[in-house]
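Notes for the one structure printed next.
FYI, it's all coordinate maths here, none of it is from the lab. It should be emphasised that the depicted structure is a prediction, and the values quoted were computed from it without experimental measurement. In this analysis, Cβ positions are derived from the backbone assuming ideal geometry, glycine residues included, and neighbour counts consider all displayed protein chains.
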Amino acid sequence: MEYKFLGSTGIRVSQLCMGTMTFGNEADKAESRAMYNRCRDAGVNFFDCANVYSQGKAEEILGDLIAGARDELVITSKVWGQMGTDINAKGLSRRNIMSCVEASLERLKTSYIDIYFMHQFDPHTPLEETLGALDDLVTQGKIRYIGASNFAAWQVAKALGVSALHNWASLKCIQPMYNIVKRQAEVEILPLALSENIGVVSYNPLGGGLLTGKYGHRIESSQNRLGKVDMYKKRYGDDWMLDASIQYEAFARANGINPVSLAVAWVAAHPGVTAPILGARNVRQLEDSLRSLEIDMTRDLYQKIASLTPTPAPATDRTEDFR
């Protein structure tokens, strides 16, 4: 396991981050513990969570697991999603942020969260209110760094500008979706992160399961996430994506590489990515992702994989500058 600096924070994190969205859902406490222990054995010191994962259960399980090793780990959580039934228990208002961080700290059984992500951009709350509240939490020591998940590049840039204007703590980490069939981040988000030295922990390296090689043409009848969950059907249901995944699997098999391992290694190879977030329901699934560490992602191999899917259009219409 190699360790990278997380943007400009000065802290070093493992080149792979373990996601805990399955904790308390597809993975019970025992399986969650087994995955956590396997990650620790592999050298992972970076664990990503959110208050909405299993409606708080993931944080509770992770909190139990990190007891005794808290200061050795980098732990994240997030705020934005609906928690409970109260009409105001959602979004990035100061009211909700202050309530949610206290609840997350209690569930995680810790006095601080290393990176506290805005889970999505909130169009109903001024960024000044949100970032002011987060700056207060940094000052109070309840969070160490501010992050943004699912933000567009312009939203990240706006947040950086607002924080600079008020001399507040600024964004240190972003969390975009990124994989072989979802490459929009290459256009502006990843270049922005490189320019401003912002850490990047990208999610969905396996395309919601599309790139695991286990679906073929049977997505609609699948009992797995891609076949059952509407969000993933909409995200990865385009015909061209299925066709690309079949070509990708054939390429991986022809080169004697597990498709899961290769997909994670490809994402990790982008210079703007600090650590891909791994997702798994059990240790057996997790092993394939961990084996990405064994792959020598040469420039030639990287480009061959990239050629299997469309390169997104550049950020400006002066396409002649990119030829």
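State whether segment 7-96 is rounded, prolate or oblate according to the following rule on the C-alpha gyration tensor (a ≥ b ≥ c being the square roots of its eigenvalues): a/c under 1.5 gives rounded; otherwise a/b larger than b/c gives prolate, and the remaining case gives oblate.
Oblate.
Among the aspartates and glutamates, which have Cα under 15 Å from the Cα of LYS304 when same-chain residues fewer than 8 positions away are ignored?
Result set, ordered by chain and number: GLU249, ASP296.
State the label only: which of (1) 16.8; (2) 14.9; (3) 23.2 corresponds to mean projected area of the Cα convex hull in nm² computed from the shown model?
Computing mean projected area of the Cα convex hull in nm² and matching it to (1) 16.8; (2) 14.9; (3) 23.2 gives (1).
Take the alpha carbon atoms of segment 133-147, find their center, do the same for segment 272-301, and report the distance between the two centers in whole angstrom.
For segment 133-147 versus segment 272-301, the Cα centre distance is 31 Å.
Cross-link candidates for LYS182: which lysines have Cα within less than 16 Å, leaving aside residues fewer than 8 places away along the same chain?
Cross-link targets: LYS233, LYS234.
Would you work out the charge dipole size for the chain about its Cα centre, treating the Cβ of every Lys and Arg as +1 and the Cβ of every Asp and Glu as -1, and quote it to the nearest 20 debye?
Values: 35 positive and 37 negative charges, 90 e Å.
Computed about the Cα centre, the dipole is about 440 debye.
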